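Some notes on the structure that comes next.
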Amino acid sequence: VTTAPAEFHHDRWRRVRALIAAQNLDVLLVSSAPNIAYLTGFFGTAGFVLVSADGGIRLLSDARYQETLALRAQDLPGLETSVVPAGGGSQDELLASQVTRLSPARLGFEAQNFTVRQFRDLERRLLGAGVHPDLVAADSPVEQLRLVKDDWEIETLREAGRRLSDVAKCIIPKALAGISERSVAAAIEAELRRVGFDKPAFDTIVASGPHSAMPHYRAGDRTLETGDLVVLDFGGVFRGYCVDMTRTVVVGSGPAGAGRSGTWERSLQDAVLEAQRAAFAVVHPGAASEDVDAAARDTIARLGMAEAFNHGLGHGLGLEIHERPRLARRREGVTLDSMAPGMVFTLEPGVYFSGRGGARVEDDVLATAGGAEWLTELPSV
Ligand code: ZN
Ligand code: ZN
């Protein structure tokens with residue numbers, strides 16, 4: 001995986017240390033894979049990172065990643081690494097010994113991610129070693145940083161957005177009568193790889209006819225029929241970063257691609273496009289994300305389809321396909337972030353009429369100092 005140059009990682013380290021210090025932690029134990037990737041450029045499936053408030057940053061993993069860790073340490077000056085010796089000990093043991101060595105008074109851990117089993121195991125091993133740090137559920141310091149993308153991440157997401165728009169242009173004409181949803185999904189996923197994505201970011205959605213009324217449908221055996229609404233929702237992972245796009249087309253009868261919509265189908269397509277444009281127009285620094293959601297929701301309500309828009313407007317994109325910020329109606333217990341330059345998220349209004357059909361349009365945007373910039377775009381269909 002191509003990762004950010006060292007200076008970007010060093011800047012992330014400076015900023016995470018400041019957040020750790022603000023939470024009065026001596027050491028932060030990072031266990032979430034995307035957070036580990038963000039801090040070190042290591043995309044393995046096993047590992048921990050220990051960040052000390054006063055300096056060091058250490059990446060731990062198992063023997064399978066010995067080579068990978070050595071390369072990361074070479075490319076990223078200041079990164080210390082440890083691997084479980086082949087044939088000896090466990091990763092839990094290695095973690096406990098490294099924490100013992102640092103002997104923090106307050107050790108933060110990621111409560112959303114560090115399991116109860118891992119917590120108890122670490123506590124028991126530290127006790128055995130005579131170390132008694134306060135184990136503190138840290139308030140998502142790395143997620144806080146990931147919320148606003150740095151320049152390298154923005155360039156990566158721009159490039160990913162351009163490539164995803166190319167995929168859309170290529171596959172929309174392939175949604176033809178007589179082809180199964182599953183075949184269209186396979187064509188999309190092949191095209192994603194062809195234009196340089198490492199893999200799909202999620203299971204591709206091809207929802208045709210009545211299936212288009214189900215926002216979480218995937219792709220099945222149904223054959224596309226002339227006049228069907230078809231929701232195509234697809235995304236890819238590029239250099240570790242996720243982008244996500246949806247178009248709703250009407251199936252034509254010939255090889256020319258997307259067909260002519262009937263009046264009802266057109267009204268759905270127009271409603272979601274107009275809602276998306278209204279939301280885009282209100283993105284500016286300091287805007288509440290529920291106000292961006294409301295701009296789309298009010299537009300759809302004005303068109304008489306209020307009940308048909310039954311999900312949030314969008315989600316943040318980055319190392320994960322769903323991350324902060326969330327754009328939705330305010331609800332108890334859900335954190336909504338206000339807009340800041342450098343945030344990247346989707347705008348994906350949809351309308352769904354059970355048994356009949358639905359439409360959704362989704363594009364990715366970057367919040368900027370002056371408003372917002374489209375990262376995915378193609379002439380509307
Ligand atoms: Zn999507
Ligand atoms: Zn999405």
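The values are calculated or read from the model by the stated rules, or taken from the named source; none is laboratory data. Computed from a predicted structure; not experimentally measured. With ideal geometry, Cβ positions are generated from the backbone for all residues, glycine too; neighbour counts draw on all protein chains shown. Just the protein is used for accessible areas: all its heavy atoms, side chains included, with ligands, DNA and RNA removed. Shrake-Rupley method; radii C 1.70, N 1.55, O 1.52, S 1.80 Å.
Restricting attention to segment 155-180, the residues being outside any strand (DSSP E or B), more than 22 Å from GLU377 (Cβ to Cβ) and in contact with a Ser or Thr (Cβ under 8 Å, 6 or more places away or on another chain) number 3. Scanning segment 324-351 for residues that are of a type in the set (Val, Ile, Thr), more than 16 Å from ligand 1 (Cβ to nearest atom) and crowded, with 22+ Cβ neighbours inside 10 Å yields no hits at all. I'd like the full set of residues that are open to solvent by 40 Å² or more (accessible area, probe 1.4 Å), part of a loop (DSSP other than H, G, I, E, B) and closer than 20 Å to GLY44 by Cα, limited to segment 91-133. Matches in segment 91-133: GLN112, ASN113, THR115. Among the residues of segment 74-88, those that are of a type outside the set (Val, Ile, Thr) and assigned to a loop (DSSP other than H, G, I, E, B) comprise LEU76, PRO77, GLY78, PRO85, ALA86, GLY87, GLY88.
Among residues of segment 134-147 that are farther than 22 Å from PHE8 by Cβ, those with a Cβ under 6 angstrom from a residue that is outside any helix (DSSP H, G or I) and open to solvent by less than 10 Å² (accessible area, probe 1.4 Å), sequence gap 6+ or separate chain, pair up as LEU135/LEU107; VAL136/GLY108; ALA138/LEU28; ALA138/GLY108.
Only one of (1) in a helix (DSSP H, G or I); (2) within 16 Å of ligand 1 (Cβ to nearest atom) fails for SER183. Which number is that? If we test SER183 against (1) in a helix (DSSP H, G or I); (2) within 16 Å of ligand 1 (Cβ to nearest atom), just (2) comes out false.
Go through segment 258-273 and count every residue that is part of a helix (DSSP H, G or I) and surrounded by fewer than 17 Cβ atoms within 10 Å (Cβ to Cβ).
5
Restricting attention to segment 305-322, and to residues there that are of a type in the set (A, V, I, L, M) and in contact with a Pro (Cβ under 9 Å, 6 or more places away or on another chain), which single residue is farthest from ligand 2 (Cβ to nearest atom)? Among them, the one singled out is LEU319. Screening ALA33 against (1) open to solvent by less than 50 Å² (accessible area, probe 1.4 Å); (2) under 23 Å from LEU135 (Cβ atoms) leaves a single unmet condition, (1). Taking the condition open to solvent by 40 Å² or more (accessible area, probe 1.4 Å) and either over 20 Å from the mean Cα position of the chain (by Cα) or more than 16 Å from ligand 2 (Cβ to nearest atom) (or both), does ARG146 pass? Judged against the criteria, ARG146 is not a match. The residues listed here are LEU71, LEU28, LEU59; of these, the one that is over 17 Å from LEU319 (Cβ atoms) and open to solvent by less than 30 Å² (accessible area, probe 1.4 Å) is LEU28.
Does THR248 satisfy the criteria of being within 16 Å of ligand 1 (Cβ to nearest atom), outside any loop (DSSP other than H, G, I, E, B), polar (S, T, N, Q) and touching a helix residue (DSSP H, G or I) at 6+ places or on another chain (Cβ under 7 Å)? Taking the combined requirement at face value, the residue satisfies it.
Looking only at segment 323-373, filter to residues that are part of a strand (DSSP E or B) and free of Cβ contacts under 8 Å to residues at least 60 places away in the same chain; which one of those is farthest from ligand 2 (Cβ to nearest atom)? Once the filter is applied, the top-ranked residue is SER338.
When ALA287, ALA279, ALA256 are checked against the criterion of being at pLDDT 95 or above and in contact with a helix residue (DSSP H, G or I) (Cβ under 9 Å, 6 or more places away or on another chain), ALA279 stands alone in meeting it.
How many of the residues in segment 224-253 are at pLDDT 95 or above, farther than 17 Å from GLY358 by Cα and either surrounded by fewer than 18 Cβ atoms within 10 Å (Cβ to Cβ) or more than 16 Å from ligand 2 (Cβ to nearest atom) (or both)? Adding up the residues that qualify gives 2. Can you say whether THR299 is closer than 20 Å to GLU377 by Cβ, more than 11 Å from ligand 2 (Cβ to nearest atom) and among the polar types (S, T, N, Q), as far as the supplied structure shows? Criteria met by THR299.
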